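Structure, as structure tokens:
Readers should treat all values here as calculations from the given coordinates under stated rules, not as data from a laboratory. Just so it is clear, the model here is predicted, and its values are computed rather than measured. Cβ: placed from backbone, ideal geometry, glycine included. Neighbour counts: every protein chain shown.
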Amino acid sequence: KSSLAFDTIYAEGQRRYAESMSAQARKFMDIEDKPDVESIEGLSPTIAISQQNKNQNPRSTVGTATEIYDLLRLLFARAGTQYDPETGEKAISYSAGEITEEVRNLQQKLEGELVLLSPIVRNETIEPKRLISRIEPVGCSELRINGEILTIHELEDYVFEEDKKYTVELVIETLEEDKNQNIQMLADKTLDLSDGFIKIYSKQQDKDYIYSTVPFAKDSKKEFPPLETRSFSFNSPYGACPRCNGLGYTMEVEPELVIPNEDLSLDEGAIQPWARLTGNKKQKKKLLKKVAEKNGFSMEEKVKNLPEEVLDILLYGDSNQYEIKGETTTFSGVVPDLTQRHNETDSDYVKDKIEKYMKEKVCSICEGKRLKPSSLAVKIGGYSIADITDKTIEEAQQIFEKMSSEEDNELTEEIPENDLDIAKPLAREINQRLKDLNKVGLYYLTL
């Protein structure tokens, strides 16, 4: 097949193409000899692309190679909607101007006094001296601690429990209907003191209304960092999954490799890495004996005869404390011990040795999607960026064909009007690049 393709069809096609060129141009061409055939008809000019095996970068994908992924990152950073990855609650952010309007609307809608609060501490432990030094320059006379209103003088006698978490809010102003107050100035001051948060407390309703300039889920009370293009980069610590560092897979200790021969006992070195790798083998053996005594099993028993509960303790540890040479220690188990050593060692030799007892597995945190949970929870039209890249080029092109259309649809309904001017051109550019890949027959690849 290769001789027909290269020595015959390619050679003749290239020769005929060269004959159509000038004599000067033919000097710079590598022309094949005329193939040993009587005649070939209907042959067009041909090219041959040499196939080479190159080292693949594990971080390179079709999306990154074609720069489509760069456009996707920009699209999701500018037009994506953030959700709490644990609860699915929508995280909402407001501009300072929008917050000012919300305060004015509440003032018109609600009866009674409204109190503007600046939450300078949100669910944290307190160092009293630092708190007082932070509040004094502001000039506020009152504050609220976990819902209790205090004066600044009363704060000095307030007892903060060491391990308890507190929310501390400065009382900026009480808004009243008959007062002429500069709402915008007060709202800006409140936001500035609390790094973008404001609470409006309705005395009559005994209810707080919370607004933020950073993405915030009100029910779960979680704030999220503002979206940037690097939030969706698995090559950046800012966006990559913390467990697999953006690779989508991790090296995990495999129990079957740790105890390859179940006919051996613990005394005979059934736990192979501890028999071969551990620097302090005697210490490990003493600890194992203590664990055996505490949990009622024998070091001389073959591993295959040990109960499942005992194997779990050997592999993953227990919560008991053991005393060895006057020092109290715990037994973490073989798997956590090897994992910790693999993560902490700077020696390539030790890493290679430990990896003999490990297997490559899909990351348990990101499930192979490479990004951290908060980035995977950002969606456009119900799709996360990982949902898009998991689709084939043909399927992804259908999505962006719809998204780039001028008509309103479910893919763009949650995108704010001012962001649509950015999202639509990006969607059109992505759609065009996907179309080009479709045309050359790569519709079956995923991004």
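Based on the alpha-carbon gyration tensor of region 355-445 and its eigenvalue square roots a ≥ b ≥ c, which shape applies: rounded if a/c is under 1.5, prolate if not and a/b is larger than b/c, or oblate?
Values: a/c = 3.32, a/b = 1.55, b/c = 2.15.
Since a/c reaches 1.5 but b/c is at least a/b, the shape of region 355-445 is classed as oblate.
Which order results if D436, D387 are arranged by neighbouring Cβ count within 10 Å, fewest first?
Values: D436 13, D387 16.
Neighbour counts put them in this order, fewest first: D436, D387.
For each cysteine in the chain, check whether another cysteine's C-beta sits under 4.7 Å from its C-beta; list those where none does.
C140
Over region 183-319, what is the relative contact order in percent, taking alpha-carbon pairs closer than 8 angstrom and at least six residues apart?
Values: 107 pairs, mean separation 15.7, N = 137.
Computed value for region 183-319: 11 percent relative contact order.
Determine ³J(HN,Hα), in whole Hz, for all residues of region 66-80 in sequence, where each value follows from phi through the Karplus function 6.51 cos²θ - 1.76 cosθ + 1.60 and θ = phi - 60°; x replaces Gly and Pro.
So the Karplus estimates, Gly and Pro as x, are 9, 6, 5, 5, 4, 5, 5, 4, 5, 4, 5, 5, 8, 10, x Hz.
Longer than 25 Å from Cα to Cα, which of K221/K372; K189/K222; K109/K424; K218/K369 are they? Say none if no pair is. Could the numbers behind the result be given before it?
Numbers: K221/K372 19 Å; K189/K222 22 Å; K109/K424 37 Å; K218/K369 27 Å.
Among K221/K372; K189/K222; K109/K424; K218/K369, the Cα-Cα distance tops 25 Å for K109/K424; K218/K369.
Can you classify region 155-205 as rounded, prolate or oblate using the Cα gyration tensor, where a ≥ b ≥ c are the square roots of its eigenvalues, rounded means a/c under 1.5, and otherwise it's prolate if a/b beats b/c and oblate if not? Can you show the working numbers first?
On the way: a/c = 2.56, a/b = 1.83, b/c = 1.40.
Prolate, because a/c is 1.5 or more and a/b exceeds b/c.
Give the relative contact order (percent, whole number) for region 96-213; include only Cα pairs under 8 Å separated by 6+ residues. If you can, show how the numbers build up before the last one.
Values: 181 pairs, mean separation 49.0, N = 118.
Relative contact order comes out at 41 percent.
Going by how many other Cβ atoms sit within 10 Å of their own, how do L227, L110, L257 line up, fewest first?
Numbers: L227 21, L110 17, L257 13.
Least to most surrounded, the residues fall as L257, L110, L227.
Any idea what the relative contact order of the chain is, in percent, if you count C-alpha pairs under 8 Å spaced at least 6 apart? Show your work: numbers first, answer last.
Values: 619 pairs, mean separation 78.4, N = 447.
In percent, rounded to a whole number, it is 18.
Compute the Cα gyration tensor for region 55-146, then decide on rounded, prolate or oblate, letting a ≥ b ≥ c be the square roots of its eigenvalues: rounded whenever a/c is under 1.5, prolate when a/b is larger than b/c in the other cases, and oblate in all that remain.
Working: a/c = 3.33, a/b = 1.88, b/c = 1.77.
Prolate is the answer for region 55-146, as a/c is 1.5 or above and a/b outweighs b/c.
When the chain is treated as a GNM, springs tying every alpha-carbon pair under 10 Å, which of P215, P307, P35 comes out with the largest mean-square fluctuation?
P35
For region 252-361, what value does the Rg/Rh ratio take when both radii are computed over Cα atoms and Rh is the Kirkwood radius, given to two decimals? Please report the intermediate quantities before stating the final value.
On the way: Rg = 13.6 Å, Rh = 14.4 Å.
Rg/Rh for region 252-361 comes to 0.95.
Can you sort S133, S93 so the residue with the fewest Cβ neighbours within 10 Å comes first?
With the sparsest Cβ surroundings first, the list reads S133, S93.
Which whole-Hz ³J(HN,Hα) couplings does region 114-123 yield from phi under the Karplus relation 6.51 cos²θ - 1.76 cosθ + 1.60, θ = phi - 60°, glycine and proline marked x?
10, 10, 7, 10, 10, x, 7, 10, 10, 6
Tabulate in residue order the Karplus-calculated ³J(HN,Hα) for region 292-297, using 6.51 cos²θ - 1.76 cosθ + 1.60 with θ = phi - 60°, rounded to whole Hz; enter x for Gly and Pro.
These are the phi-based 3J(HN,Hα) values: 5, 4, 5, 9, x, 9 Hz.
In the set [x] 33; [y] 63; [z] 42, which value of percent of Cα pairs over 34 Å apart was calculated from the structure you see?
Evaluating percent of Cα pairs over 34 Å apart on these atoms matches [y].
Excluding residues fewer than 8 places away in the same chain, name every one of the lysines whose C-alpha is closer than 29 Å to that of K282.
Partners within reach: K290, K294, K302, K304, K325, K351, K353, K356, K359.
Within 12 Å, Cβ to Cβ, of E268, how many net charges do the neighbouring residues add up to if Lys/Arg are +1 and Asp/Glu are -1?
Details: positive: K285, K302; negative: E262, D263, D267, E300, E301.
With Lys, Arg at +1 and Asp, Glu at -1, the neighbours total -3.
Skipping prolines and chain starts, which residues have an amide H placed within reach, meaning under 5 Å, of the one on K222, given they are 5 or more residues away or on another chain?
Those lying under 5 Å, H to H, from K222 are A217.
Around V121, which amide H atoms from residues at least 5 apart in sequence, or from another chain, sit under 5 Å from its own amide H, with H modelled in the peptide plane?
Placed amide hydrogens put V168 under 5 Å from V121.
Would you compute, from DSSP H runs of 4+ residues alone, the mean residue ellipticity of the chain at 222 nm, taking -39500 (n - 2.57) per run and dividing by the full residue count, rounded to the nearest 500? Display every interim value, and only then the final one.
Details: 18 runs with 162 residues, N = 447.
Per the formula, -10000 deg cm²/dmol.
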